[in-house]
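Data first, discussion second: the structure below is written as structure tokens.
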């Protein structure tokens, strides 16, 4: 099959869940004999190789702004993909819902992974929220198959839009520490820091985590891995702290360093609010982390209730108390670490996820 992938910022460029997803799925599809094209944001790259790890890369321009970058890139990518004889055009991000109108005109078989509840996210207020709601609804009407990444998300799409969806989660690779000294490059010692991984956007709740940690008595550090690729008042406010325990290394594009940051943290704090199956949370499980997570239906589904995580409400005082308690409760921490990877091996391996996508694509083009 010839499969075009649109909606991520590119390959192997990684800073969000979409790119992590594509970085795993696309090479595995190539290994299985498929021809894969990934559409990239040209402005994010300094060099433009045509093939990377067997994946064909198309570098498409876009308007460099928070609201128009993805829309313009996806529009131009869609036009290009429709003219290239692809068997399947696979989109990520519900914002791409309206482009199903174009693919239908060209009679292309299409799949869209709608991910989270974008219209509820604080960063998209007013017109932005209305657009995401409209785009998500359009996705359910214009695409051949809508993919949701959790059972809870599938329920929401059924109740909100009356639409059935195919549930396929994200995956993760089991990880162990092999180069622990790498974390010394960012001034860290194994077991002496809490870790947060995610973009600095309101619904990931980095600000409430930072303010909570400032009030804690912890002797450890707090490391916030992630940023946003644009000037943003919220991100600047999150970074505005005089607490020397709190570090902001920004994006960590070195996969070895990122693995070591996960594997060597004291505990992982997950504040993501509106997504379904979150890749950063899966990576924390795969790395053997003790997880402190915001209490949402999505996080409870991934962590199988209290079995694989300790939950908190979005209140500064509660998070502060939890950090102070966990700072000394090493027995609980050890218990959660011991069983975290089993959640991945049982439910969230990338091989299982690739099997599901490959089967779905084949069913749409009538191949066995």
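Cβ-Cβ distances below 7 Å connect no pair with a first residue in region 227-244 that is not assigned by TED's automatic domain parsing to the domain that holds residue 204, a second residue that is exposed (fewer than 15 other Cβ atoms within 10 Å of the Cβ), and a separation of six or more residues or different chains.
Screening region 192-264 for strands (runs of 3 or more DSSP E) wholly inside it with 1 or more residues that are farther than 28 Å from residue 23 by Cα returns the ranges 221-225, 246-250. Each residue in region 231-245 was checked for being touching a strand residue (DSSP E or B) at 6+ places or on another chain (Cβ under 7 Å) and under 24 Å from residue 121 (Cβ atoms), and 1 pass. When the test is whether a residue is surrounded by fewer than 22 Cβ atoms within 10 Å (Cβ to Cβ) and under 27 Å from residue 119 (Cα atoms), residue 271 does not pass it. Checking the conditions here, which among 249, 229, 279 is in contact with a helix residue (DSSP H, G or I) (Cβ under 6 Å, 6 or more places away or on another chain), modelled with pLDDT under 95 and more than 30 Å from residue 305 (Cα to Cα)? Result of the check over 249, 229, 279: 249. Looking only at region 285-304, residues that are without any contact (Cβ under 8 Å) to a residue 60 or more places away in the chain, in contact with a helix residue (DSSP H, G or I) (Cβ under 8 Å, 6 or more places away or on another chain) and part of a helix (DSSP H, G or I) come to 1 in all. When 286, 293, 338 are screened for being in contact with a strand residue (DSSP E or B) (Cβ under 8 Å, 6 or more places away or on another chain) and surrounded by fewer than 24 Cβ atoms within 10 Å (Cβ to Cβ), only 293 passes.
Against the numbered list (1) over 25 Å from residue 44 (Cα atoms); (2) assigned to a helix (DSSP H, G or I); (3) under 15 Å from the mean Cα position of the chain (by Cα), residue 280 comes up short only at (1). Of all the listed residues (111, 196), the sole one being in the same structural domain as residue 223 (by TED's automatic domain parsing) and under 19 Å from the mean Cα position of the chain (by Cα) is 196.
To keep it simple, each residue is scored yes or no on (1) modelled with pLDDT under 95; (2) more than 22 Å from residue 28 (Cβ to Cβ).
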position	(1), (2)
302	no, no
316	yes, yes
338	no, yes
355	no, no
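Considered as a group, the residues in region 339-368 that are free of Cβ contacts under 8 Å to residues at least 40 places away in the same chain and over 23 Å from the mean Cα position of the chain (by Cα) include one that is farthest from residue 176 (Cα to Cα), and that residue is 366.
The values are calculated or read from the model by the stated rules, or taken from the named source; none is laboratory data. All values reported here derive from a predicted model rather than from experimental measurement. No Cβ is skipped: glycine too gets one built from the backbone with ideal geometry, and neighbour counts run over all protein chains shown.
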